[in-house]
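The values are calculated or read from the model by the stated rules, or taken from the named source; none is laboratory data. Please read these numbers as outputs of a predicted model, since none were measured by experiment. Neighbour counts are summed over all protein chains in view; Cβ atoms, including those assigned to glycine, are modelled from backbone coordinates with ideal geometry. All accessible areas refer to the heavy atoms of the entire protein, side chains included, with ligands and DNA or RNA removed. Shrake-Rupley method; radii C 1.70, N 1.55, O 1.52, S 1.80 Å.
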Amino acid sequence: MIDLATAQAMVMGSVRALEPVRVSAADALGLVLGEAIVAEANVPPFANTAMDGYAVRAVDTADAPVELLVVAELPAGKAPTVRVGEGEAIRIMTGAPMPEGADAVVMVERTERVGDRHVRIGNAAKQGDHVRRSGGDVEAGQTVFVAGELLTPAHIGVLASLDVHEVLAYRRPLVGVLSTGDELVQSGSLRMGQIRDSNRPMLTAMLREAGCEPLDLGHARDDEQVITERIAHGLNTCDALVTSGAVSVGDYDFVKIAIEKLAAERGGTYSWSQVAIKPAKPLAFGSIGGTPIFGLPGNPVSSSVSFELFARPALRVLSGAREPSRPVVEAIATETFARRPDGKIHFDRVHVTIDSSGRFRAQRSGAQASNVLSGMAKANGLAILEDGDGVGEGESLKVMLL
Ligand code: AMP
Ligand code: MG
């Protein structure tokens, strides 16, 4: 057995980011930025009012209450044509440019119209009140974003405000998904001995969630040649591959053999490890012609946990992510997490909630056998139980949040 950190270091040491490409900013949500973005102009481009109100000269309001002559009206989107002179004000709407002469805005709620042409200002205004200066959000020449930032909806909005409609970003890795096993059926009725293929749809969904583009390589029966051909096809087409099943010590575990053979033929590395974790002990991993391939175990929970621990962080690196790991937090165990020393780290499926004091609390989300996928479905975290006797109720527990 090798320890988890060693196995993870082996995988992470053999992957690197794909080349960034130019993409439309509208399609860049969730991608990692591959360049710095420098602003060419100020945002906002001109000083404008943050409030509906009256643009005034602060000095004219010093002896408030005062009455000022309203000389114009200025909605958003219009350029001012009239300046604010001594004793004057301009009715102005949020977003409209500050007229020349004015240096403050008085909120409409703090004013009162007097007749047709005058406004009464109740309190003295200070210079700059409710004025948004040009460049107050972004200054021309400023580096707004750096390479490696994950593009969120707000990033997309800022790019639009800068008139940037294309960016260099890491594309979504194309990742092939293959399931193996003579017992697997895709849908419909089952004969004795058959089960439905749940891993391929699950892994496809996990890839999407990890920001990858999945490619369905189908299901292969337990035949060395068929499995080798499918993996070879995947290597020719994809940036990475994940397979499920046939990596343990059974008589039909041909994925191991296929990866080893292809690595030898095409040039690359191959390793098969018994990782000191439960679930998901066996891991076949290869890097063939620079393409990583993850031979995940067939038990659905093992497949899922192995994907989380090995494939996902590696695929996030391909996607350009600088922080490819899931967050690990301390949670309070709301029940006893008993286990026996066996030299392994155990990953229990848990449901994490946040209590009224803001602390995480973790509870098992169902039975913990490696075939009980319904417990995984109810989980939003994996409790990390170091080798030993487990964690008692009320004690602190490390949880990887999914
Ligand atoms: P294996 O790793 O191929 O020895 O499979 C281990 C266990 O996982 C067996 O009980 C398989 O029937 C089950 N299994 C393998 N592949 C899948 C799959 N794609 N969907 C659901 N169960 C699977
Ligand atoms: Mg199998």
Can you tally the net charge around residue 107? Count Lys and Arg as +1, Asp and Glu as -1, for every other residue whose Cβ sits under 15 Å from the Cβ of residue 107. +2
Antiparallel versus total DSSP beta bridges in the chain: what percent is that, nearest 5? 70 percent
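Sum up the charges of everything whose Cβ sits under 14 Å from the Cβ of residue 117, counting Lys and Arg as +1 and Asp and Glu as -1, but leave residue 117 out. Let's see the in-between values first.
Details: positive: 91, 113, 120; negative: 67, 73, 88, 112, 116.
For residues surrounding residue 117, the net value is -2.
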Using the beta-carbon distance between residue 182 and residue 340 and R0 = 35 Å, what value does 1/(1 + (r/R0)^6) give for FRET efficiency, to the nearest 0.05? 0.55
Give the distance, in whole Å, between the Cα centre of segment 73-88 and the Cα centre of segment 336-402. 64 Å
Projected label distance in nm at residue 224 and residue 190, using a 7 Å step from Cα toward the beta-carbon: 3.0 nm
For segment 373-378, take each phi angle, set θ = phi - 60°, evaluate the Karplus expression 6.51 cos²θ - 1.76 cosθ + 1.60, and give the result in whole Hz per residue in order, putting x for glycine and proline. 6, 4, x, 5, 4, 8
For segment 192-264, which trypsin sites (Lys or Arg not before Pro) pass both filters: DSSP loop (anything but H, G, I, E, B) and at most 15 other C-beta atoms within 10 Å? 221
Per-residue HN-Hα couplings for segment 164-175, Karplus 6.51 cos²θ - 1.76 cosθ + 1.60 at θ = phi - 60°, whole Hz, x for Gly and Pro? 9, 10, 9, 9, 7, 9, 6, 6, 6, x, 7, 10
Just 178, 283, 74 to compare: in a GNM of the chain, with alpha carbon springs under 10 Å, which one fluctuates most? 74
Tell me which aspartates and glutamates have Cα within less than 14 Å of residue 344's Cα, excluding those fewer than 8 residues away on the same chain? 3, 386, 387, 389
Per residue value of the accessible surface for segment 148-238 (all protein chains in place, 1.4 Å probe), Å²: 50 Å²
Give the distance, in whole Å, between the Cα centre of segment 233-274 and the Cα centre of segment 163-183. 20 Å
Search the structure for amide H atoms under 5 Å from the amide H of residue 76, placed 1.01 Å from N in the peptide plane, and list their residues when 5 or more places away or on another chain. 93, 96
Surface/4 of the Cα convex hull for the chain, nm²: 27.7 nm²
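Which value, in Å², gives the accessible area per residue of segment 32-125 when a 1.4 Å probe is used on the protein heavy atoms? It would help to have the intermediate numbers written out before the result.
Details: 4690 Å² over 94 residues.
Value for segment 32-125: 50 Å² per residue.
Only Cα pairs under 8 Å and at least 6 apart count here; give the relative contact order of segment 63-152 as a rounded whole percent.
On the way: 130 pairs, mean separation 25.4, N = 90.
After rounding, I find 28 percent.
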Sticking with the crude label model, points 7 Å out along Cα→Cβ, report the distance from residue 386 to residue 83 in nm, one decimal please. 7.3 nm
Helix 224-237 versus the longest principal axis of the chain: what angle, 0 to 90°, nearest 10, using Cα atoms? 20 degrees
Give, in whole angstrom and from largest to smallest, the semi-axes √(5λ) of the equivalent ellipsoid of segment 48-132, with λ running over the eigenvalues of the Cα gyration tensor. 17, 13, 11
Net +/- balance of residues flanking residue 313 in space, Cβ distance below 10 Å, scoring K and R +1, D and E -1: +1
Beyond 18 Å, how much of the Cα-Cα pair distribution for segment 328-401 remains, as a whole percent? 34 percent
Pairwise label distance in nanometres, residue 330 with residue 73, each label 7 Å out on the Cα-Cβ vector: 6.1 nm
Can you run phi through the Karplus equation (6.51, -1.76, 1.60; θ = phi - 60°) for segment 240-252 and list ³J(HN,Hα) in whole Hz, with x for Gly and Pro? 6, 10, 10, 10, 10, x, 6, 10, 9, 10, x, 6, 10
What's the carbon and sulfur percent of the chain's accessible surface, probe 1.4 angstrom, rounded to a whole number? 50 percent
For segment 328-402, which trypsin sites (Lys or Arg not before Pro) are both in a DSSP coil and crowded by at most 14 other Cβ atoms within 10 Å? 359, 378
